[in-house]
Amino acid sequence: MSLTLWGRMSSVNVQKVVWTARELELPFERIDVGGAFGGNRTPEYLRMNPNGKIPLIDDGGFVLWESNAIVRYLAAKHGGGRLWPESLQRRADADRWMDWQATELTPAMRDAFMQLIRTPAEKRSQALVDASNAATETLMAILDTHLAERRFMTGEAFTAADVVVGCAAHRWLGLPQPHAPRPNVERWYRALVTRPAASGVLTLPIT
Ligand SMILES: N[C@@H](CCC(=O)N[C@@H](CS)C(=O)NCC(=O)O)C(=O)O
């Protein structure tokens, strides 16, 4: 059964799905949609995802949107306990950090990203950047403390939580501005970058 993914590679949410599929060695077709490519507001697309957002997958007729739900689905279907732990408590731990990425970390860093990368310098608001940096540094301190005692987000094993928090960290660390030193985050991030499946994702520039 074939897997199709709609979404441009500059989307952090698409990056999560591509990395997950590559970890699972899943063949897939990716169609550039969203941003300058457009194509995500057509009636056909809106029938599949009424939000008009990317990423979106069709897995042999099963259509799914929301990046973290897609990552969980693919990892549960193909991981065999890898990426998506069998143990209920370890899975809940991974799940919790995935929710933290979606509801805490990414909202905190959004203004810094939008202002520094997607807004022309003359229209930029330093106040928005400063507030976003302060909120994100608080969360990066939490992440650094967490990773001081673990190789990966939930312990010794790499899971889907590393994929989604790792994609957000890639974006944060790639912003052209100073970052507070976070030795444990930096050690973890270096380990993620060396994974063959992360090549083409964590090697992308921040755009
Ligand atoms: N909660 C959604 C957010 C999806 C989202 O905001 N996607 C952005 C790209 S990261 C989008 O579709 N933007 C419109 C566009 O690219 O045209 C998810 O995680 O999938």
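Taking segment 64-89 as the range and being buried (at least 17 other Cβ atoms within 10 Å of the Cβ) and away from the ligand (no atom under 16 Å from the Cβ) as the test, the residues that pass are H78, G79, L83, W84, P85.
For the structure I just gave you, tell me whether G61 is more than 12 Å from the ligand (Cβ to nearest atom) and at pLDDT below 95. In short, no.
Do we have any residue at all in segment 195-204 that's under 26 Å from V18 (Cβ atoms), part of a helix (DSSP H, G or I) and not small (G, A, S)? Outline the logic, then answer.
At the first step, the residues of segment 195-204 found to be under 26 Å from V18 (Cβ atoms) are 195-204.
Checking the rest, the ones that are also part of a helix (DSSP H, G or I) come to 196-198.
Going one step further and asking which of them are not small (G, A, S), we end up with 196.
Yes - at least one qualifying residue is present in segment 195-204.
Return yes or no: is R190 surrounded by fewer than 13 Cβ atoms within 10 Å (Cβ to Cβ) and under 26 Å from E23 (Cα atoms)? Yes.
Conditions (1) among the basic types (K, R); (2) surrounded by 13 or more Cβ atoms within 10 Å (Cβ to Cβ); (3) assigned to a helix (DSSP H, G or I), marked per residue:
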position: E122; (1), (2), (3): no, no, yes
position: S132; (1), (2), (3): no, yes, yes
position: A135; (1), (2), (3): no, yes, yes
position: A141; (1), (2), (3): no, yes, yes
position: E149; (1), (2), (3): no, no, no
position: A161; (1), (2), (3): no, yes, yes
position: I206; (1), (2), (3): no, yes, no
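The single residue among D111, D58 that is out of contact with any Cys (no Cβ under 7 Å at 6 or more places or on another chain), assigned to a strand (DSSP E or B) and either among the acidic types (D, E) or without any contact (Cβ under 8 Å) to a residue 60 or more places away in the chain (or both) turns out to be D58.
Taking the conditions (1) under 20 Å from the mean Cα position of the chain (by Cα); (2) within 22 Å of A198 (Cβ to Cβ); (3) not charged (D, E, K, R) in turn, N40 satisfies each one other than (2). Looking across segment 25-38 at every residue that is within 26 Å of G174 (Cβ to Cβ) and out of contact with any strand residue (DSSP E or B) (no Cβ under 7 Å at 6 or more places or on another chain), the one that is surrounded by the fewest Cβ atoms within 10 Å (Cβ to Cβ) is identified as A36.
The values are calculated or read from the model by the stated rules, or taken from the named source; none is laboratory data. What you see is a predicted model, and the numbers here were worked out from it, not measured in a lab. Because the Cβ atoms are built from the backbone with ideal geometry, glycine has one as well, and the counts that use them run over all protein chains shown.
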